[in-house]
Every structure is written in structure tokens, then in C-alpha cells.
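Notes for the one structure printed next.
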Amino acid sequence: MEDDGGRRTVLGHGGDRVKLNVGGKLFETTVSTLRSGGPDSLLSVLSYRNSDDPVFIDRDPEIFSALLALLRSNRLPSTAKRFSNQELIDEAVYYGIESQLRSALAPSQLSGIDASLFSTIRPSSDGVVTDFNAVDSDGSVWVAHGGQVSVYDWSLTHTETIRTHLDYISSIRKVGPDLAGVASEFESGLHFYNLANGRRVGSVEWTDPSDPRIYKARVHAVVDSPDSVFAAFECQHRENCVLSIDKSTMKAISELGRQSGNSAKSTVVGKLTFLPEINALVGVSVTAGAFGYAGYVRLWDSRSGDVVWETNEPGSGRSSRFGDSFADVDFDRGDLTMFKICSKSGDLAVADLRKLSEDPWVYLEEKNPCMRHAGGGTSSLIHCYRQQVFVGRGGGLEVWSRMVEKGSDVERERVLHEGLYRRNYMDKLEDAGRGIIKKIEGAGNRLFVTREDAEGIEVWQSSQFSGAVLNLKNGIQACLIIYIRGRPLTVAFDALFVFMTMVARLLYHLVQGLRPFQLVLVRVEEEKKLLADGVE
């Protein structure tokens, strides 16, 4: 008979068996299993052979056994742990089933309350990471270490390393498929490198023929949009601005927010964020001095360059919070919310980007008595990812998770209140001793963390077990909110869930530990029965 593509086959239906000889080992499976890898895969093509003799494939049989189990159940067997990810990927590419393997190796949905340190990315040379960019769209990580740039793909496998003309890269950003924008706080300009061939393909300097002070400007922050790259430049005389650079020509096209830099309200931007949902560019500047922290948050319309909203601290906000300026600010792009962490109290506050005003902040309250007061500090930073807020306080790492709330009124009005987020610690005491947290970024359902004077990038992720339990938790919690309608009970349940998770894990490991003893007892009973039968 013929299939839709006109190919001849003697295999009539999905239950027919196929024999394959892989590396001298015979495998027998079904047509449907082979074709589950997709119509373009090698195994799918082999299922149309017009012969009953097993076809020989000169590849590793042990890895093929794991990949065959993947096609059967959409999950890798425990035996796959004997092989590295790269070994599995190489074989999957050969058979044309890389997408199935990627789904199996991909981490589960990141849940901060159940995440743990999974691995560490360590560049082979200049191991202290100076900056990195984690890309959520493909899960890759672009790492700057010294004057080099290394790329790690979705499986955290090293793919390439290039050497730039810079001795120290302080800012890096992926701006194209093989294009990186890099800059140094010790040298001027923003430079673009093609990682496919290691060549510099362009550079942008901030210049102004009418102002001789504008020369040798250094870059402090970089971000990109689909069409542009935005970079914050500062000259030696502290004059600064944000340049908009066209991606196609790699030329500066406009200036945003040029300012003198002679006060806290006009210092150079230290963090840039692009919000595509509202087509806005956000710049954050934080300075620390003898009298504490000061800074501003400024929103520009990326098309016109006009400032649409701005706040300065100290000098705005609630009177009771005066002098408690933010130490860091970040944005949840999904919910269009803005978070800040206060420099003195260590409190977190949230604001709705769609309802900005002179005082938009709602300060989150921690009602769990088990959580000690955090306090502020000079080493506090914040990062938002997947409706979670990750906070670094010195060397400690914590997460604020959003509570599940049902009800059309809440969803429609996007009400922010003090109890909307709950706080939990992510790390252990020994984790905090590895050094002060320098940067946090989330991508590909992983959390990437670097620490001062520590080599490599920590990779945090949740286990497969946590994803199922998290869904159960959200479902039960939603039912409690619907039927009980009491926020205090919701808070209590969140703390109870953490305790239940710990108990479940303890019982699991206890049962696993007792299993050998159970087998021994069964064997003893069997031998007793055999002896009794022999005596009779």
C-alpha cells in the first residue's frame, strides 16, 4: 500500500512491528513509536522500509535505548542519567528527534518556593563572570568574563567563545541571533560582535560636534527592542543620555533624556528595561552616598522620546517613607507592575504601570510570624520573573510569590493590596556564605545568579515533582478563596503548603530508605516458609 506521500510500505497500521539493529543490538518496536518523532525524522523514514530485515544503524545502542523510551512515553528513563546532555543531544540530532528531547530535558515551571541549586556555569578561562544576559525566548545564556564572550544554549551546553578587543566587559546584551552588544566601564563606546565568526561588525560612540565635552563616553546599561538598541552613555564630565541605535544600520538615530549629571536627579541611568506591551523604555538610576540612597525612575515613549512619567526618591511618595529610598527597581512584564526594594527598611512595594500617579506604591506586608524581619542594606537587589519577585539581600536569596486570586472583580480591576505576595527563603545558610549576590536573571524556567568574586553562574530550577505539587496547591488554594473568602486563611494555607511539601519529601525519602529493609524481611519470611516445608 502507499501512504499520503506516495511511498511504498508493507506496514499496514500502527501496531506493526519494526526491527532495528543499532550498534549490533537488536531492537523491536512499533511503527507508531518510530513515527512519533515527526515525519522528517530518520526513524519515521525507516518505518516505511519495504523489507522485514532489520536495518543496521551504526550508533550507540545504549543511548538509542533511552531515546526509544522517550518516544514511547515522552519521558527519559532513569538510565539516561548515565549520559551527558551533550551525548543525548548529539544522538537526538542524528535521529531527527531533537525537539522531543528538548521537551524532556526542559526544566519544569520555575517555582521559587521549591527551587534549588541545579548546576553552575563555569567558563573555562577568566571564570569570574563580569556580566551575563539570560534570554527567555530560547533559554540561552550569553556570558561576559574578562574580555571574552561565551554562549551556552538551552541545555547549558557551551557552544562558542570569542575574544573581544576589550580587556573587561561590564555590559553584554544579545541583540540578534549571533550578535552581541558589549561595553566596558573603562573604555568608550558600544561594540557589536558577530559570534559566528568572532568579528566586530560595528561600534557606536556618543558624539556632539557642538559640545566638546561629549567624547569618550562609556556605557552603563544596554537593552534592546525588536528594532532598536538603547544604551546609557556617560562622559567624563558626567554629561549623560540614552542613545537609540538602529539595529539594521548600527547607527545612533536619537538621544533620550540628555542631562548634566550634577545631581542625584540627573545621574546616568544604571538599568534599562524595554516594555513592549506599552512600547515604553524605563530607566532607573540609584546612587548611594553619606546621606543614604537617592535615585529616579523615568518612563519614555520609545517612539517620540517624551517622558511620560517620573518619580524621584527621596522627595516623593508617602511622608512616612521619606528617607527610605529604593535600592533597586524591576518590572514584571506580564502583569505590567513595578517593584522596588527600600534601602533602609528592606520593604517591598509594588505599583501598577497602567495606573501611575505621584504616589503609586503599595507596600507589601509579611504576615507570616515565622519570617524574620529582613531589614535593608547596601547589597539589596530585585528581579521579577513569571509573577514572582526574587530578592537578593547580601548573600541570601528569597522569593515573593503571588497568591492565586479568583473573582471577576479582582481580575478586571487589577487590585494591588498588601497581602498579594507571600515571602519565602530559597537558599540555605551555606548558600548565603558563597558571597554577596551581584545579579539575578530568569530565563527558560531557570534562575541565574552571580556573586561577587565568585566564579561561574549559579543555575537554580525546580524539580519535576514541584510542578505537579504547585498545580495542586494552586487548585486547593483557589477553592479556599472561593468558598471561604477569607484572606487570612489564604495566607495560613500558603504557610501550611510549605510545611506539607517538606513533610511529603521527608516521607518519600523515608519510604525509599526503608524499601531495602522491606525486601530483606520478605526474603526472611520466604526462607522461613521453605524451611518449614522441608521439615514437614
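Identify all residues within region 326-341 that are of a type in the set (G, A, S) and part of a strand (DSSP E or B); write none if there are none. Listed by number, the list holds a single entry, A327.
Within region 255-288, restricting attention to residues that are farther than 24 Å from L336 by Cα and under 28 Å from the mean Cα position of the chain (by Cα), the residue that is most open to solvent (accessible area, probe 1.4 Å) is T287.
Please work out if D114 is more than 30 Å from D332 (Cβ to Cβ), at pLDDT below 95 and acidic (D, E). The answer is no for D114.
Has region 83-90 got at least one residue that is crowded, with 20+ Cβ neighbours inside 10 Å and either within 18 Å of G38 (Cβ to Cβ) or touching a residue at least 12 places away in the same chain (Cβ under 8 Å) (or both)? Yes, region 83-90 contains a residue that is crowded, with 20+ Cβ neighbours inside 10 Å and either within 18 Å of G38 (Cβ to Cβ) or touching a residue at least 12 places away in the same chain (Cβ under 8 Å) (or both). For region 361-391, filtered to residues that are open to solvent by less than 20 Å² (accessible area, probe 1.4 Å) and more than 16 Å from the chain's Cα centre (by Cα), the residue that is modelled with the lowest pLDDT is G375. With the checklist (1) closer than 24 Å to R75 by Cα; (2) open to solvent by 30 Å² or more (accessible area, probe 1.4 Å) in hand, flag the one item L110 doesn't pass. Only one criterion in (1) closer than 24 Å to R75 by Cα; (2) open to solvent by 30 Å² or more (accessible area, probe 1.4 Å) is unmet by L110, namely (2).
Kindly evaluate P314 against the criterion of being more than 30 Å from L117 (Cα to Cα) and either at pLDDT below 90 or open to solvent by less than 50 Å² (accessible area, probe 1.4 Å) (or both). So P314 fits the description; yes. Condition check: over 23 Å from F192 (Cβ atoms) and of a type outside the set (D, E, K, R). Does T267 satisfy that? Spelling it out, T267 is indeed over 23 Å from F192 (Cβ atoms) and of a type outside the set (D, E, K, R).
Scanning region 37-54 for residues that are open to solvent by less than 30 Å² (accessible area, probe 1.4 Å), polar (S, T, N, Q) and over 32 Å from the mean Cα position of the chain (by Cα) turns up S44, S47.
In region 339-350, the qualifying residues are those that are out of contact with any Cys (no Cβ under 8 Å at 6 or more places or on another chain) and closer than 25 Å to F291 by Cβ, and the one that is surrounded by the most Cβ atoms within 10 Å (Cβ to Cβ) is K340. Which members of region 21-41 meet the condition of being within 24 Å of R82 (Cα to Cα) and not hydroxyl-bearing (S, T, Y)? Correct list: N21, V22, G23, G24, K25, L26, F27, E28, L34, G37. When region 55-71 is limited to residues that are open to solvent by 20 Å² or more (accessible area, probe 1.4 Å) and not aromatic (F, W, Y), the one that is nearest to the chain's Cα centre (by Cα) turns out to be A69.
Among the residues of region 115-134, those identified as in contact (Cβ under 8 Å) with a residue 60 or more places away in the chain, open to solvent by 20 Å² or more (accessible area, probe 1.4 Å) and either assigned to a loop (DSSP other than H, G, I, E, B) or farther than 13 Å from I457 by Cβ (or both) are S116, R122.
The sole residue among L11, L76, L68 that is in contact with a helix residue (DSSP H, G or I) (Cβ under 8 Å, 6 or more places away or on another chain), part of a loop (DSSP other than H, G, I, E, B), hydrophobic (A, V, I, L, M, F, W, C) and modelled with pLDDT of 90 or more is L76. As for region 16-33, it holds no residue that is of a type in the set (K, R) and either part of a helix (DSSP H, G or I) or open to solvent by less than 80 Å² (accessible area, probe 1.4 Å) (or both). When K355, K406 are checked against the criterion of being of a type outside the set (S, T, N, Q), at pLDDT 80 or above, surrounded by fewer than 20 Cβ atoms within 10 Å (Cβ to Cβ) and in a loop (DSSP other than H, G, I, E, B), K355 stands alone in meeting it.
Of the strands (runs of 3 or more DSSP E) lying entirely inside region 148-254, not one is found with 3 or more residues being open to solvent by 10 Å² or more (accessible area, probe 1.4 Å), over 18 Å from T267 (Cα atoms) and aromatic (F, W, Y).
If you filter region 422-446 down to residues that are of a type in the set (A, V, I, L, M, F, W, C) and closer than 24 Å to D136 by Cα, you find that the one that is surrounded by the most Cβ atoms within 10 Å (Cβ to Cβ) is I437.
The values are calculated or read from the model by the stated rules, or taken from the named source; none is laboratory data. Quick caveat, the model's predicted, so the values are computed rather than measured. Every residue, glycine among them, receives a Cβ derived from its backbone with ideal geometry; neighbour counts consider all protein chains shown. Accessible surface is based on the protein model in full, side chains and every heavy atom, while ligands, DNA and RNA are left aside. Shrake-Rupley method; radii C 1.70, N 1.55, O 1.52, S 1.80 Å.
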